[in-house]
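Enquirer: Shown below is the structure under consideration.
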Amino acid sequence: MPVMDGYQATQKIKESLDSKSTPPILALTANALKSDIEKCQQAGMDDHIAKPIDPEDLQSKLRKWLG
């Protein structure tokens, strides 16, 4: 078992860095219900990518967040 899950890790990252230096955090999960996406957002994640991965969706979101 990991020490923390992705939600906890996101919160720790967001707490430890100021908002200008925080890298974009994208959830990569098989949980794709609206409530799952909202949970990711509440944890501070910037976006969500559902499995199985749609290459076009992945490419679009990487472009969006990485410029």
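Read the figures in this text as sums done on the coordinates, not as results from a lab. Since this is a predicted model, take the numbers as computed values, not measurements. Cβ coordinates were reconstructed from backbone atoms using ideal geometry, including for glycine residues, and neighbour counts include every protein chain displayed.
Enquirer: From largest to smallest, what semi-axes in whole angstrom does the chain give when each is the square root of 5 times an eigenvalue of its alpha carbon gyration tensor? Can you show the working numbers first?
Expert: On the way: eigenvalues 78, 54, 20 Å².
Equivalent-ellipsoid dimensions as semi-axes: 20, 16, 10 Å.
Enquirer: Kindly count the pairs of lysines across the chain whose alpha carbons are less than 20 Å apart, treating pairs on different chains or eight or more residues apart as eligible.
Expert: Value for the chain: 13.
Enquirer: Of 26, 53, 37, whose Cα points farthest to the positive end of the dipole of the chain (charges on the beta-carbon: +1 Lys, Arg; -1 Asp, Glu; origin at the Cα centre)?
Expert: 26
Enquirer: Report the charge-dipole magnitude of the chain in Debye, nearest 20, computed about the Cα centre from +1 at each Lys and Arg Cβ and -1 at each Asp and Glu Cβ.
Expert: Details: 9 positive and 10 negative charges, 22 e Å.
With Lys and Arg at +1 and Asp and Glu at -1, about 100 debye.
Enquirer: Okay, next question. Using 7 Å Cα-to-Cβ label points, what is the residue 5/residue 41 separation (nm, one decimal)?
Expert: 1.9
Enquirer: Something else: Hey, got a sec? Which trypsin sites (Lys or Arg not before Pro) in the chain land in a DSSP loop and have at most 13 other Cβ atoms within 10 Å?
Expert: When the trypsin sites (Lys or Arg not before Pro) of the chain are filtered for loop state and at most 13 Cβ neighbours within 10 Å, 20 remain.
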